[in-house]
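Here the structure comes first, spelled out in structure tokens, and everything after it is commentary.
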Amino acid sequence: MMLLYEQEEETMKRTAILCVLFIFLATLACQLTGGESAKPTQAVSQPPTATQASAIQPTSPPATLPPPPPEKRMVEIRQWAIAAEATSEFDDSQYSAMQAIGKPNVDTCGESPWAWKPYYKAREEWIELRYAQEVIPTQINIHLNLNPSAVSEVWVFRNPGGTFTVYQGAPVKTYCPYVLTIDIAEADYSMDTLRVWIDQTQFDEWNQIDAVELVGLIESEVALEATAAPALPTQPGETLPTPSGGAAPTAAGPGAGGAPPYDPAQWNWTSFTTDNGLPENMIKALVVAPDGLLWIATGNKGVASFDGSTWKAYTPEEGPQVNYASTITVAPDGAVWFGGYGLSRYDGSTAKKYTTEDGLLNMSANAIAFAPDGTMWVAHQSGVSHFDGSKWSTYNLSAGIPDEHLEDITVAPDGTVWVATWGGLARFDGSSWKTYTEQDGLAYKMVKSVVIAPDGAMWAATSGNGVNRFDGSTWGLFREEQGVNVWSVDDIQVAPDGALWFAAPGRGAVRFDGQNWVKFTTAEGLVDLWVDVITIAPDGTVWFGTRNAGLTRMSPK
């Protein structure tokens with residue numbers, strides 16, 4: 001009986017152990033395969049030592065990865081100009097360049113004060129427009145409301161530098177109002193400024209621009225489902241020529257006369273606008289006579305002089321004014337010559353005017369220069385006139401001048417004449433003309449200004465592809481020297497100390513002393529960055545004429 005009881009007790013124990021084991025295995029299986037409440041098993045570890053315990057930090061919440069950044073894509077934007085400048089304006093409020101900013105606001109065909117109209121109708125003019133957003137351009141739309149279309153050329157100002165011609169064409173009469181659409185193919189640059197040229201000489205009629213739309217691409221964060229930017233046009237635009245003949249960009253070198261470095265402590269800066277006596281803020285030309293009198297030609301208000309304290313404006317009857325004067329030069333005898341629509345010599349009391357009846361090639365006079373022998377050379381539209389004091393000689397395109405657009409003229413000490421044209425540099429040695437283009441080493445055929453440095457080298461400013469120096473055998477090219485931008489220069493002048501000064505519209509002015517390039521902006525004292533012309537007085541005073549903001553004088557202390 002006892003044995004049976006012990007056997008039953010042993011069986012119960014085994015059954016209990018099996019139940020406990022079954023429950024344990026079931027629980028473990030649940031943990032391994034169960035739902036959200038399942039916990040991972042933890043490894044058994046030894047208790048930490050004292051050193052390890054002191055290093056244990058409170059547990060931080062697990063790090064959360066940031067969401068991926070939005071994808072960037074090229075998207076198209078359309079914008080209207082926010083600022084504008086022009087060669088001339090029919091009026092400084094109505095018809096001004098600023099009437100071309102914003103959306104079109106002229107609904108009908110014909111003249112309107114709410115669109116830009118130049119002051120002159122029988123010459124080439126341009127308007128430059130700036131936009132808020134820098135873009136990769138794809139299209140330009142020019143809205144014209146009066147006698148369209150006289151648009152002859154359109155430039156864009158590239159970043160990091162230089163201009164790019166996106167349109168060229170002859171003026172063609174079309175329906176009115178008219179929108180000239182220019183498609184730009186696969187541009188590899190960005191820009192926020194453009195210039196529209198109009199040629200009103202062919203039809204002798206005013207042309208108006210109401211607004212100019214810039215269409216372009218920007219990189220933007222957009223939703224993944226956003227549509228791609230429209231395909232670019234496939235026709236390539238015109239490109240700037242590649243320099244050849246040794247005119248690769250060069251480091252700054254000798255040639256400016258070894259002038260002393262600029263020391264800001266030695267100079268005073270003063271600005272003049274219509275608020276303190278200047279007749280008009282648009283300055284076309286300026287020069288300082290030997291007696292210290294400053295002469296200026298304004299865009300619309302004629303000629304004026306400044307004696308250091310008082311401005312004096314001159315009417316046509318008073319002598320020195322030529323209609324639409326655009327250049328002023330002092331002769332070796334001290335007389336002041338004015339060029340515009342005809343020529344005028346003024347000796348301080350009387351004036352002598354010259355026209356085609358006297359022997360001028362034509363009535364346009366874009367630039368004047370005097371040779372060492374005292375004779376005068378005049379650059380016109382389509383040719384050159386030479387005056388020896390009693391008779392005139394003329395040279396037209398058939399003589400060898402490469403283009404009808406003549407911008408500047410200078411004469412070297414040996415009597416060689418250099419002419420800046422839109423078709424290259426023309427050189428006259430006294431018997432024949434020779435043209436220098438990209439194939440010879442010139443950076444770009446459009447030349448705006450030309451001077452002779454003290455060392456005899458010729459310097460030429462191109463319209464958007466740098467400044468060339470030519471010593472008679474070797475061409476050098478300067479574009480962005482020591483961080484200073486000289487891609488596009490409108491005027492070059494030589495100071496008495498031998499330094500070269502460059503007018504760089506939109507970027508201020510630049511001085512080169514033979515080794516150092518120094519940039520001058522509004523931070524240094526300029527009244528505005530749009531410097532078009534420069535002149536230097538015998539005492540070293542530098543005058544800067546701006547497009548529509550007045551004058552600045554930098555005078556020695």
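The values are calculated or read from the model by the stated rules, or taken from the named source; none is laboratory data. Small disclaimer: the values here were computed from a predicted structure and weren't measured. When we count neighbours, we look across all protein chains shown, and the Cβ atoms used for this are built from the backbone with ideal geometry, even at glycine. These area figures cover heavy atoms from the full protein model, side chains too; ligands, DNA and RNA do not enter into them. Shrake-Rupley method; radii C 1.70, N 1.55, O 1.52, S 1.80 Å.
Quick rundown of the values:
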quantity	calculated
Region 365-458: mean projected area of Cα convex hull, nm²	5.7
Centroid-to-centroid separation of region 336-362 and region 155-215 [C-alpha atoms, Å]	35
Long-range Cα-Cα pairs in region 382-540 (distance over 22 Å), rounded percent	41
Computed label-point distance, nm, for sites Lys301 and Phe203 using a 7 Å Cα→Cβ extension	3.3
Accessible area per residue, Å², region 312-410 with all protein chains present, probe 1.4 Å	43
Scattering curve values for region 81-174, log₁₀ I(q)/I(0), Debye with Cα scatterers, q = 0.14, 0.17 Å⁻¹	-0.55, -0.82
Residue pairs, from the table Lys121/Lys352; Lys173/Lys448; Lys284/Lys448; Lys391/Lys448; Lys284/Lys557, whose Cα atoms sit over 19 Å apart	Lys121/Lys352; Lys173/Lys448; Lys391/Lys448; Lys284/Lys557
For Ala457, net neighbour charge (Lys/Arg +1, Asp/Glu -1) across residues whose Cβ lies under 10 Å away	-1
Percent of C-alpha pairs per 5 Å bin, region 256-339, short to long	3, 13, 22, 21, 16, 12, 8, 4, 1, 0
Eligible aspartates and glutamates near Lys519 by straight Cα distance, threshold 20 Å, same-chain separation 8 or greater	Asp263, Glu480, Glu481, Asp490, Asp491, Asp497, Asp528, Asp532
5 Å binning of all Cα-Cα separations within region 473-518, expressed as whole percents from 0 upward	5, 21, 31, 25, 14, 2, 0
Protein accessible area in region 416-478, 1.4 Å probe - carbon and sulfur %	40
In region 306-412, trypsin sites (Lys or Arg not before Pro) in a DSSP loop with at most 13 other beta-carbon atoms within 10 Å	Lys391
Projected-area average for region 460-557 over all orientations - Cα convex hull basis, square nanometres	6.4
Accessible-area composition of region 253-355, carbon plus sulfur, in percent [1.4 Å probe]	49
Gyration tensor (alpha-carbon) shape descriptor, region 303-446, a/c threshold 1.5	prolate
Per residue convex hull volume, Cα atoms of region 316-363, in Å³	75
Span from the region 367-393 Cα centroid across to the region 503-557 one, whole angstrom	28
For region 420-488: span of alpha carbons on each principal axis (Å, largest first)	42, 26, 18
